[in-house]
Ligand SMILES: [Zn+2]
C-alpha cells in the first residue's frame, strides 16, 4: 500500500527564494498548458495530448519569454503537466459518473493557499547522510524527522501552506509483514455512530468527545478571527491578523488530524471488524447542521479508518442510511418508531431494555453490517474515555493513502 509521510522542513532564506521560484515555474507551466488546451477546445480542435504539451514545454524554454524555466529542475515542470492531466481525468471521470463530480481544471495563482512542487526518483533528489533533504537546484534543506520512514520513498512533494510553513511529503510503500507484526489480529468487533453530541459513540458504550487540545486550538482560531474582523481593510495590521488566522487554521487542522489518527489507530488496533454508518454528509450539509458536520470532519476520519483497515487486514463495513438506527431496539429488534432528537434515552416497549440513543445507534450499525456485538452495550451509562496516545504525532498529512487522490490541489 502506498502512503504519504509528511515532515516539516526549514529552508534557509536562499532556499526559500529558490522554492518560490520553483513554485512559480511549476505554476506557469501548468497555466500555459491549461491555456493551450482551453484555446484548442474553444477553437473546436481536438484535445491536446500530454506528449504535445511536453514538446511545447521544451520548445518554450528556448524562447526569451520563458528561458527562466531552465533555472529550476525540469522534473517539477514535467510533474506539473502530470497534475494537469490528473485534473482533467478527474473532471472527465466526474462527468462520466466514475467518481464524484469535480470542477474543470482552473488556473493556479500565486495567491493560492497551497503551493507545491513534486520530485520523482529520476529528479535526483535524496536524503543525505546528515539527514537533510537534497533537492536539485534548491540545496540541502533541514528536515524535522518526527518519525522513521518505513521504506525508501520514491517521490517527494514540497509544500508551502497558507500559514507559510514548508513540508516535505514522501510517498512510501508499506511492508505488509511489518504491518502484521505491528498490529496482530484482534478478536473484538465494533459499530461506530458518529454524532453531534459526541464525536463518536461505540457499540460497547464508549462515548468519545474531541480532545482538549483540539478544542483549545478551535478557541484560539475564533479569537484570531475576531481580531481580524476588527482591523481596518487594507491596513498593515490587517495583513498581520490575516496571517494569524491562517496559522490558527493550520493548527486546528493539525490538531483535528492528530485526533483522527489516534482514534482510528486505536479502533483498528482493538477490533478485527469495524462498521460505520454511511455518512451521506452531502445531504446533511444542506441543513442547518452544515457547520457542525464540516467541523466534525467525519469523512476525513472515516477515510482514515478505511485505509488503516485495509493496511492492517481488518474488515471495514459501511452501512446504508436506510437503516433507521434510532427507531429500532438494538436488543430485541422491534421497530417502535421515530423519536425526537431531544430524547436521549428510552425504554423499549417490547423487551423493557433501557436504551441510550447514541449507543443504540452504534449497536444497530454493527448489526446492520452483520457484526456480532453485545447489545447490552446499548444500556451502559455514558463513560468518557480520552483517545489514547497513538502513532499520529503532529505531522500535517501523515498516512494519507495516495489511492484516494481527489481534486487538483491535492498531489
Ligand atoms: Zn427491545
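The values are calculated or read from the model by the stated rules, or taken from the named source; none is laboratory data. Owing to the predicted nature of the structure, the values given are computational and were not obtained by experimental measurement. Methodologically, a virtual Cβ is constructed for each residue, glycine included, from the backbone with ideal geometry; neighbour enumeration extends over all protein chains shown.
May I ask you to verify whether residue 197 is assigned to a loop (DSSP other than H, G, I, E, B) and touching a residue at least 24 places away in the same chain (Cβ under 8 Å)?
Yes; evaluated as a whole, the condition is true for this residue.
Entry remark, the range 152-173: residues being assigned to a loop (DSSP other than H, G, I, E, B), surrounded by 17 or more Cβ atoms within 10 Å (Cβ to Cβ) and touching a helix residue (DSSP H, G or I) at 6+ places or on another chain (Cβ under 8 Å) number 3 in total. Does residue 14 count as at positive phi, surrounded by fewer than 18 Cβ atoms within 10 Å (Cβ to Cβ) and modelled with pLDDT of 95 or more? Judged against the criteria, residue 14 is not a match.
Can you confirm whether residue 367 is within 14 Å of the ligand (Cβ to nearest atom), more than 30 Å from residue 181 (Cβ to Cβ), assigned to a loop (DSSP other than H, G, I, E, B) and touching a helix residue (DSSP H, G or I) at 6+ places or on another chain (Cβ under 9 Å)? The answer is no for residue 367.
Whether any residue in the range 209-216 is part of a helix (DSSP H, G or I), assigned by TED's automatic domain parsing to the domain that holds residue 277 and crowded, with 19+ Cβ neighbours inside 10 Å is what I want to check. It would help to see each step written out before you state the result.
If we filter the range 209-216 for residues that are part of a helix (DSSP H, G or I), which is where we start, we get 212-216.
Retained after the next criterion (residues that are assigned by TED's automatic domain parsing to the domain that holds residue 277): 212-216.
Narrowing the set further to residues that are crowded, with 19+ Cβ neighbours inside 10 Å leaves 214.
So far as the range 209-216 goes, yes, one or more of its residues are part of a helix (DSSP H, G or I), assigned by TED's automatic domain parsing to the domain that holds residue 277 and crowded, with 19+ Cβ neighbours inside 10 Å.
Being assigned by TED's automatic domain parsing to the domain that holds residue 30, in contact with a strand residue (DSSP E or B) (Cβ under 6 Å, 6 or more places away or on another chain) and modelled with pLDDT under 90 is true for just one of 151, 169, 113. Which residue is that?
None of the others qualify; the one that does is 151.
The requirement of being assigned to a helix (DSSP H, G or I) and closer than 21 Å to residue 120 by Cα is not satisfied by residue 40.
Answer yes or no as to whether residue 190 is at pLDDT 90 or above and either more than 20 Å from residue 4 (Cβ to Cβ) or exposed (fewer than 14 other Cβ atoms within 10 Å of the Cβ) (or both). Yes, satisfied.
Quick grid of which residues meet (1) assigned to a strand (DSSP E or B); (2) within 13 Å of the ligand (Cβ to nearest atom); (3) closer than 22 Å to residue 195 by Cα; (4) free of Cβ contacts under 8 Å to residues at least 24 places away in the same chain:
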site	(1), (2), (3), (4)
313	no, no, no, no
317	yes, no, yes, no
331	no, yes, yes, no
341	no, no, yes, yes
346	yes, yes, yes, yes
350	no, yes, no, yes
359	no, no, yes, no
362	no, no, yes, no
